[in-house]
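Read the figures in this text as sums done on the coordinates, not as results from a lab. Everything numeric here is computed off the predicted structure, so don't read it as measured data. Ideal geometry is used to build each Cβ from the backbone, glycine not excepted, and the neighbour counts take in all protein chains shown.
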Amino acid sequence: MLISRIHMPYTVLFVGVATIAAIPFVGGVRDTGDTRVRRSAMPTLTVDLTSPGPKINSDMWGIFFEDINFAADGGLHAELIKNRSFEFDNPLMGWTLVQSDPGSDFKTALQIKTDSPLNISNTRYLRASLHHMAGLENEGFRGMGIKKGEAYNFRTFARATTKAHPKALIVELVNESGAVIASASAKGFSKDWSVVSCRLTAKETVSKAKLRVLFDGRGSLDLDMISLYPEKTWKNRPNGLRADLVQKLANLKPGFVRFPGGCIVEGRYLSTRYQWKKTIGPPEERENLINRWNNEFGHKPAPDYFQSFGLGFFEYFQMCEDIGAQPLPVVNCGMACQFNSKQLAPMSEIDTYVQDALDLIEFANGSAESEWGAKRAAMGHPAPFSMKYIGVGNEQWGMDYFPRYEAFAKAIKAKYPQVTIVTSAGPSPDNPDFTLAWKMLKGMPKKLVDIVDEHCYALPDWFFDNTHRYDKYDRSGPKVFMGEYAAQSVGIAKPENQNTWLCAISEAAFLTGLERNSDVVRMASYAPLYAHVDAWQWSPNMIWFDNLHSYATPNYYVQQLFMRNRGDRLVHSVLSELPVSDKPNRLYASTVLDEKNHELIVKVVNGTEQLTTMSLRGVNTFLSDKDSVSVTVLQSGNNSAVNSLADPTHISPTNTSETLNGSDPILTVTSSSVTVFRIRLRQ
Ligand code: AHR
């Protein structure tokens, strides 16, 4: 068995504490004589470096991306135009007529047409029959973030079906007061659909700009896929991703990215489920779809929330590759969201769904000569993406799931036995459906069930109290993926939830439990990932952003500490029990080995309000001559504290480097903190 529990507030020290009075500073906070330090009963963390523990999955700590809170369009997907192809339920949503002559009404000036469309997936387009210098304006996703001095690429499909047509489009960016901050013109129309484009350079930084397209000349013109991207996207790709938001993911160093959801995979109805095949190929051929978070919450309606799929499966795979994370796509298993319509694909039709999963694996991993591999190659990536994981269903529960899962698992394992399949255990970590899921999955042939996805959204206390949840899991059964979790400061999906320090530290405590059990818990990811501050539906989230900036929450930094200090092997350790007088008794630790760098990594979560010292036993004969310890501390004195756009690093890690004195060092851990010690060992 792995490490036993650690619950004793207040200290962790290395073997043989000689004199407490000579405690060296090794932790994140100097011992300044804080009277709250418990000096009498110092706990001991005994580490067993003599026998190597189990290997830790190199993909252990990952990310869960779902298009919720405007995470894709309006967020990660850098397109600035909302409803660029007029496919929203209200086809002119986001667009307004500007500078119209008095008397010309909106409908006659701007018409939505469907005859001879751009292509069969993009059936609507705009026919503008306008007078000189009239035009239209797009409001963006709660405005457009525009940066001074930066370039923006405008592009649209256009068609001049009549002789009389404007000679050019005058394209402008305007600030909140309507003043022009960038201007350029696009021309060269033909009688068939063709692309016209221009490049604008902004004279001002504006967080809620708009795009204006004016028609220079009278007549009519058809337009579709009116698009504006910043030139500086992630890796400067056209149709690219927002660089600051991808950078935040790269900075985590995640092991995997689970995508595209979440309930969005299921859809409110089967007809609105996520279908990956409709998200690849030229962007103008990707069929738009309502986002299931559009009307999910009465208290947070988002009638303008749709999916353009500009961020589609190719872009997800490419981003995973860019940031060195394994892709973990999730496919619909023939079940619409069980919180909504609960629609089921009959078992007689399940093969269609299964085939989508098989084709997805070929799209990711097949040779460029295979049917689906060729589509990947045509998009610019002839080499396979080497995908290892696939999720079958998101958050499914009940007896309808298991036969559907089994059909997928049999087909996938028959064709791709090396692919690890992620199975669902439903939305709750401990209700009758959860128990049923484990029972049913354990009852299936072993080779069909690799890893079970557990979800948990709960109050911080749940996370503090469940650090030993996995100590008792069956080591011979399927492995665990803690695929969605987040501490909720008020309650599940309550809009008042905040990314408080208390939530973050409770998650850190829980993660020590996952890490100590990393022989059975093979993967984990916080949820959800992103939220636009003006357009969110769900809180809390790991990264918040507006149109120009983004900030990482304390929860993000907890994730980062675990991702960047993953280690390769578990090190068994035991934290001694002490008589505890104070409640709650919240001290937690886990220990792993970084084999390449010959470092013992000790993570300590101190959920108490006491500065703590700990003695570490069992390491002194392994310490390197350099006795070098790097210490990273994430700390706050206020459980309610949060980061914000105004103060993005209010709670963020600090690094120090310290030297261990002698063979019996003491580690100091500041109150209410997450501390990571990296201790150099002899080679
Ligand atoms: O993370 C938000 C939602 O919570 C996910 O879409 C779903 O899987 C869970 O219920």
Handout entry: Percentage relative contact order, the chain, counting C-alpha pairs under 8 Å, at least six apart
Key = 22
Practice task
Mind pulling the angle between the C-alpha long axis of helix 313-323 and the longest principal axis of the chain? Nearest 10 degrees, somewhere in 0 to 90.
Solution key: 40
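Give a quick list of chymotrypsin sites (Phe, Trp or Tyr not before Pro) in segment 281-382 that DSSP marks as loop, anything other than H, G, I, E or B, with at most 15 other Cβ atoms within 10 Å. Present the calculation step by step, with values, prior to reporting the outcome.
On the way: sites: Trp293, Phe297, Tyr305, Phe306, Phe309, Phe313, Phe314, Tyr316, Phe317, Phe339, Tyr353, Phe363, Trp372; in loops: Trp293, Phe297, Tyr305, Phe309, Phe339.
Those satisfying the criteria are Phe297, Phe339.
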Problem - Extended-chain gain in nm, criterion 0.36 nm per residue less alpha-carbon gap, Lys235 and Asp89 - result: 49.2 nm
Problem - Exposure proxy ranking, count of Cβ atoms within 10 Å, fewest first, for Tyr470, Tyr588 - result: Tyr470, Tyr588
Problem - Qualifying trypsin sites (Lys or Arg not before Pro) in segment 469-529, DSSP loop, other Cβ atoms within 10 Å at most 13 - result: Arg475
Fill in the blank from the handout: Taking only C-alpha positions in segment 322-396, Rg and Dmax in angstrom work out to 14.5, 41
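If I stretch the segment between Lys300 and Arg682 completely, what's the gain in nm (0.36 nm per residue apart, minus their alpha carbon distance), one decimal? Walk me through the intermediate numbers first.
Values: separation 382, 0.36 × 382 = 137.52 nm, distance 5.62 nm.
Taking 0.36 nm per residue and subtracting the Cα distance, the gain is 131.9 nm.
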Fill in the blank from the handout: The local net charge around Tyr274, scoring Lys/Arg +1 and Asp/Glu -1 for residues other than Tyr274 whose Cβ lies under 11 Å from its Cβ, equals 0
Handout entry: segment 236-246 - phi-based ³J(HN,Hα) in whole Hz, Karplus 6.51/-1.76/1.60, Gly and Pro as x
Key = 6, 7, x, 6, x, 10, 6, 4, 5, 6, 5
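What 222 nm value per residue comes from the helices of the chain, counting each DSSP H run with n ≥ 4 as -39,500 (n - 2.57) and dividing by all residues, nearest 500 deg cm²/dmol? All intermediate terms of the calculation are to be shown ahead of the outcome.
Values: 11 runs with 113 residues, N = 683.
Result for the chain: -5000 deg cm²/dmol, rounded to the nearest 500.
Can you give the Kirkwood hydrodynamic radius for the chain, in Å, rounded to one decimal and based on Cα pairs? Show your work: numbers first, answer last.
On the way: mean 1/r = 0.0371 Å⁻¹.
The answer is 26.9 Å.
Loop only by DSSP, 12 or fewer other Cβ within 10 Å of the Cβ. Give me the GluC sites (Glu not before Pro) in segment 332-426 that pass, ordered by residue number.
On the way: sites: Glu349, Glu362, Glu369, Glu371, Glu395, Glu406; in loops: Glu369, Glu395.
Qualifying residues, ordered by number: Glu369.
Could you calculate the FRET efficiency of Lys148 with Gln99 from 1/(1 + (r/R0)^6), where r is the beta carbon distance between them and R0 is 22 Å, rounded to 0.05?
On the way: r = 26 Å, r/R0 = 1.17.
E(calc), rounded to 0.05, equals 0.30.
Using R₀ = 35 Å, calculate the FRET efficiency as 1/(1 + (r/R₀)^6) where r is the Cβ-Cβ separation of Asn620 and Lys253; round to 0.05.
Details: r = 31 Å, r/R0 = 0.88.
Rounded to the nearest 0.05, the efficiency is 0.70.
Efficiency by 1/(1 + (r/R0)^6): what FRET value for Ser194 and Asn340, r their Cβ-Cβ distance, R0 = 45 Å, to the nearest 0.05? Walk me through the intermediate numbers first.
Working: r = 41 Å, r/R0 = 0.92.
Taking R0 as 45 Å, the efficiency between Ser194 and Asn340 is 0.60.
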Problem - segment 59-91 and segment 401-461: distance between their alpha carbon centers, rounded to Å - result: 28
Practice task
Note down the nm distance, to one decimal, between modelled labels 7 Å out along Cα→Cβ at Asn638 and at Ala493.
Solution key: 3.1
Problem - Dipole magnitude of segment 138-178 about its Cα centre (Cβ charges: Lys, Arg +1; Asp, Glu -1), debye to nearest 20 - result: 260
Completion exercise
Measuring from its Cα centre, the chain shows a charge dipole (+1 at each Lys and Arg Cβ, -1 at each Asp and Glu Cβ) which, in debye to the nearest 20, is 720
Fill in the blank from the handout: Expressed in nanometres to one decimal, the distance between label points 7 Å along Cα→Cβ at Ile112 and Ser51 is 6.8
Handout entry: Inter-site label distance for Thr205 and Glu371 at 7 Å from Cα along Cβ, in nm
Key = 5.1
